[in-house]
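Shown next, in structure tokens, is the structure this report addresses.
Read the figures in this text as sums done on the coordinates, not as results from a lab. Fair warning: this is a prediction, and the values are worked out from it, not measured in the lab. Counting neighbours? That spans all protein chains shown, and the Cβs are built from the backbone with ideal geometry, glycine included.
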Amino acid sequence: MPPCDEDKLQHEDCQHDKLHEECGVFGVYCTDPKKNAATLVYYGLFSLQHRGQESAGIAAVQTAGSSGEKQAQAIECRKGMGLVGEVFNGEVLSQLKGSAAVGHVRYSTSGSSCVENAQPFVSHFKLGSIAVAHNGTLTNADVVRELLEDAGVGFTSSSDSEVIINLIAKNYKKGLEKALTDTIKFIKGSYALVVLTGSALVGARDPNGIRPLCLGKLDGKDASHNWILASESCAIDAVGGKFVRDIEPGEVVIITEDNVLSFTFSEKTRRAVCSFEYVYFARPDSIIDKVDVYGSRIRAGGILGRESAVKADLVIGVPDSGVPAAIGYGRATGTPFGLGIVKSKYVGRTFIAPNQILREKAVSVKHNVIESEVKNKRVVIIDDSIVRGTTSRRLVSILRAAGAREVHIRICSPPVRFPCYFGIDTPHRKDLISNMNSVDELCASLGADSLAFISVEGLLESINPGEAANNPERSTEAHKAGYCLGCFTGEYPIPVAGEPSA
Ligand code: SF4
């Protein structure tokens, strides 16, 4: 039975109290014909599942080199709604043969949640086939789409990512390299792309490097070279590969049978990596732009301890990303760390709270308190962010119900006051609780004894401690070069209509 509107509201209420990463991408190119690229992509996507749980897809091709044939075969694609494990089973995977493949997991922000918008997108045209998987959001998608439609190009989805594949296909007669540079020069916004053709795997990152993309290598026993492109290094680890390096902002990498070609397509690159990747989106076992995500979360907790310590008997983290920060806070302040909250791993995007009565309890299904750990204690609870405030309010309530004497909230991101335009699902400005309330008002509304957020400077220090130590006199303005802080400061690295630029 389809969920009723009320159920949908409950589901959204529960799920939309976090910012959501839009997508994860993964690509493999093997010159070792014994390797099945689609299977490797399947395992890679499992490790990127946290970046998108609405749909999953894999496109594969037998490259000309590994098949020994001059003519590359057409790209085959399978995709569907749901988690990687729901979309793919042994039978579906066995239909995807080939030595090169790209895959995608999606959480929709631009374009609605339906299979037409699932990726990779595949285009078959006179000169061949290409598949594209995109993480990010194009800020000029509407304009480019209109131009393409005026030129007679048809679209099958409402996703901005389809603009990219249609542009590449339109320019393909100029050759792959030129088609890519012409396409990339035309599009604006954030993108980490993996592109598959009959003879190459391509990776590209926007000139600000807002969304992550890295290169890895799989060892071959012979002279074969097997390459990986992935949103996060944890996915390279998952398939037994070795992290090689990050793709640089404004860089294109073309991997073929013969070599790996790299070039910078943009003269003006200014690194502005999404700072929220370190706070929440990325997996803690990933390294993004040379920064170990787990380490940055531990440091964020330590900085929170330095900036806003409170006397307490216990510090706990909201799983998963609040836990390393709670460890860091405990180390910095001497507060004992404990596991006071347990999270159900199985409350996913398909979760539907059953009825009105349970609405306020929805977060209890997702999070539960270990009463024996928190009873009669002054508790500090650390979370990665506050978006609408629903989760924090309910956590305070269930901690008090379990006997906590005091509940102090510490947040390891600055207040989220502004929307994201670069691939992250954020509510309207009016629904961002920190945009509408002062910290004191918010604290009262959550029912907490105290509330504090890490400062913008503290967040930057947690990501890049060396920079802070080496340049203590540097202004925040100079220090924040290198990271996007748009949703905290309202200053964006790319011009957005109606918003100031950083
Ligand atoms: S606005 Fe926020 S979430 Fe969006 S890219 Fe910038 S830091 Fe990340």
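Numbers at a glance
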{"read-out": "Mean separation of Cα contacts under 8 Å, 6 or more apart, over the residue count of region 292-471: relative contact order %", "value": "23 percent"}
{"read-out": "Segment ARG331-GLU267, length gained on full extension (0.36 nm per residue, minus Cα span)", "value": "18.6 nm"}
{"read-out": "Projected-area mean, region 292-471, by convex hull of Cα positions, square nanometres", "value": "11.2 nm²"}
{"read-out": "Cut-off 10 Å between beta-carbons: net charge of the residues surrounding ASN435, Lys and Arg +1, Asp and Glu -1", "value": "+2"}
{"read-out": "Where trypsin sites (Lys or Arg not before Pro) fall in DSSP loop in region 261-291, at most 12 other Cβ within 10 Å", "value": "LYS268, LYS290"}
{"read-out": "Inter-part distance where region 419-467 and region 252-277 are each reduced to a Cα centre, Å", "value": "31 Å"}
{"read-out": "Net +/- balance of residues flanking ALA101 in space, Cβ distance below 11 Å, scoring K and R +1, D and E -1", "value": "+2"}
{"read-out": "Long-range HN-HN contacts of LEU314 with modeled amide H, under 5 Å", "value": "ARG378, VAL380"}
{"read-out": "Lysine pair number, Cα distance threshold 27 Å (strictly under), region 130-274, separation 8 or more or different chains", "value": "17"}
{"read-out": "Proximal lysine pairs, region 292-471, alpha carbons under 15 Å, eight or more residues apart or interchain", "value": "4"}
{"read-out": "Cut-off under 5 Å, modelled amide H: who pairs with TYR483 long-range", "value": "VAL273"}
{"read-out": "Ratio Rg/Rh [Cα only; Rh per Kirkwood] for region 224-284", "value": "1.01"}
{"read-out": "Ranked by how many other beta carbons lie within 10 Å on average, peptides 486-492, 443-449, 309-315, 100-106 from highest", "value": "100-106, 486-492, 309-315, 443-449"}
{"read-out": "Under Karplus coefficients 6.51, -1.76 and 1.60, residue-wise ³J(HN,Hα) of region 26-32 in Hz, glycine/proline x", "value": "8, x, 9, 10, 10, 8, 7"}
{"read-out": "Protection-proxy order for peptides 205-213, 90-98, 397-405, each taking the mean of Cβ atoms within 10 Å per residue, highest first", "value": "205-213, 397-405, 90-98"}
{"read-out": "SER445-LYS345 pseudo-label distance in nm [points 7 Å out on the Cα-to-Cβ vector]", "value": "3.4 nm"}
{"read-out": "Karplus-derived HN-Hα couplings along region 180-186 (A = 6.51, B = -1.76, C = 1.60, θ = phi - 60°), whole Hz, x at Gly and Pro", "value": "5, 5, 5, 5, 5, 5, 8"}
{"read-out": "In Hz, Karplus ³J(HN,Hα) per residue of region 86-100 (6.51, -1.76, 1.60; θ = phi - 60°; x = Gly, Pro)", "value": "8, 7, 10, 10, x, 5, 5, 4, 5, 7, 9, 9, x, 9, 9"}
{"read-out": "Length-normalised contact order for region 22-270 - Cα pairs under 8 Å, 6+ apart - percent", "value": "22 percent"}
{"read-out": "By average C-beta atoms within 10 angstrom, highest first, the peptides 131-142, 251-262", "value": "131-142, 251-262"}
{"read-out": "Other-chain or far-sequence residues with amide H under 5 Å of VAL244's (modelled H)", "value": "LEU215, GLY216, LYS217"}
{"read-out": "Region 115-179: relative contact order in percent, alpha carbon pairs under 8 Å with at least 6 residues between", "value": "33 percent"}
